[in-house]
Amino acid sequence: MASAGSPGLQGAAVRWLRRWGAVAVLVILAGFLDARWLSIKPEAIRHGIFSGLEERASLLPLLQAGLATCLAAGAILLRLLTRGWRLPAPLLAALFLLLTGAFLEWALRQHAWAQMRPSPTLIWELDPKGPENNRWGMRYPDFPATPQPSEFRFLVLGDSSAWGDGLERVDQRFSDLVESRLRQAFPHGVCRVMNAAVPGYSTFQMAAALDQKYLALQPDCLILATNSDWPRESAPDRQRLPSPWLRPLLALLDTSEVYLCLVSSMLEPGPSPADSRPPGPRVPEPESRTNLEAMIRAVQARGGCAVVLNMPVYLERYRPGESIDMQPRYLHSWRRQARAAAHSTGSPFLDLDTEWRLRHGADLDPLFLDLVHPSPRGHQDIADRLYPVLCSVLESAGTPPPLPAAPLP
């Protein structure tokens, strides 16, 4: 019995390899192709701090167990089917591949909790599959792409400070606070503040995201809320994108949790050779102003307007050698460029970083969670300062004047 069974098992293994060998090679090559692209990225991106790969690595045991179970069950199923049905082996293999992939994708999505995913055109982006995210990746219930006739839409673009990093609740962000206040003050219409900020985003990424995704939401007013293009990466953002011919394939693969888990398993901790290069600006300084102006003019061309916020930084807490590069010279240069971009486009400029120091002096601890992220009190302070500016925007657009006394919740 044993001697008769061994050749049968060997034959089944050979047939299995013939059916699945090409598919396996293609999957592995595609994975290494993306891993090679990721390996030349700065260390923070490779480790998934922004791309969500680190979170997905925790799902690898589930993927491995599911894959082993599916392969074992599929081997038995194919063996039985080929005995009785006489269906072509390639057709059975393709059917099994689709069923296995669909099952694993469904299982992984039940446990997915990463807020972001890699992107071949934005480097990383908000993941619509993330917890409490809508189809745009924003942390709200879903809303239609087309605004209502009486709806006025504000769009917030920024980095983790505007996204609400470190806050216990989403509704503690300045965007949610000011939206609640505007809705009370302007009951005759609908004021929607769409917070599309993404942790770690540069003005290069913001401009690309606005063009690729958010102009379709028809924003009436753009709120740019950031404090710099942090000069802390080994290559400019523009050079970190994959080759144009590869982007359509990666755009499809990056939507799959199975694929992203496979990629996360290929990334090893530790800096790559590219990370050993001296850090430089992610966006060259002259381009920061160009990117800001391009975003503002894109909204103005559609009849909208913009507000530029220079978000606060707790520079007094910074010590050289910390993970965030907060060079005073660079921050002052950024302030000048942001102010110049606002002036050249006729947009209001709120220098919150300077205002906080003038109003609060050295007592900034209650307003910050760390070096760059405002606390709940800090977000409320930002909402207080932004509210009258947005009221003026609404009145200029022909919205009836606000009702008196609209306290923050």
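The values are calculated or read from the model by the stated rules, or taken from the named source; none is laboratory data. Values in this document were obtained by computation on a predicted structure and should not be read as measured data. We place every Cβ from the backbone using ideal geometry, glycine too, and count neighbours over all the protein chains shown.
Numbers below:
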quantity	calculated
Qualifying residue in region 329-336 (condition: buried (at least 16 other Cβ atoms within 10 Å of the Cβ), under 24 Å from the mean Cα position of the chain (by Cα) and at pLDDT 90 or above)	no
Residue satisfying all of: in region 218-247; modelled with pLDDT of 95 or more and within 17 Å of the chain's Cα centre (by Cα); surrounded by the most Cβ atoms within 10 Å (Cβ to Cβ) among these	LEU224
Those residues of region 105-129 which are of a type in the set (Lys, Arg) and touching a strand residue (DSSP E or B) at 6+ places or on another chain (Cβ under 7 Å), in sequence order	ARG117
Condition check for PRO149: without any contact (Cβ under 8 Å) to a residue 24 or more places away in the chain, surrounded by fewer than 17 Cβ atoms within 10 Å (Cβ to Cβ) and not assigned by the TED database to the domain that holds PHE368	no
Complete set of residues in region 152-192 that are closer than 23 Å to ALA298 by Cβ, among the hydroxyl-bearing types (Ser, Thr, Tyr) and modelled with pLDDT under 95	SER161
Test result for TYR314, under 25 Å from LEU167 (Cβ atoms), assigned by the TED database to the domain that holds PRO286 and at pLDDT 95 or above	no
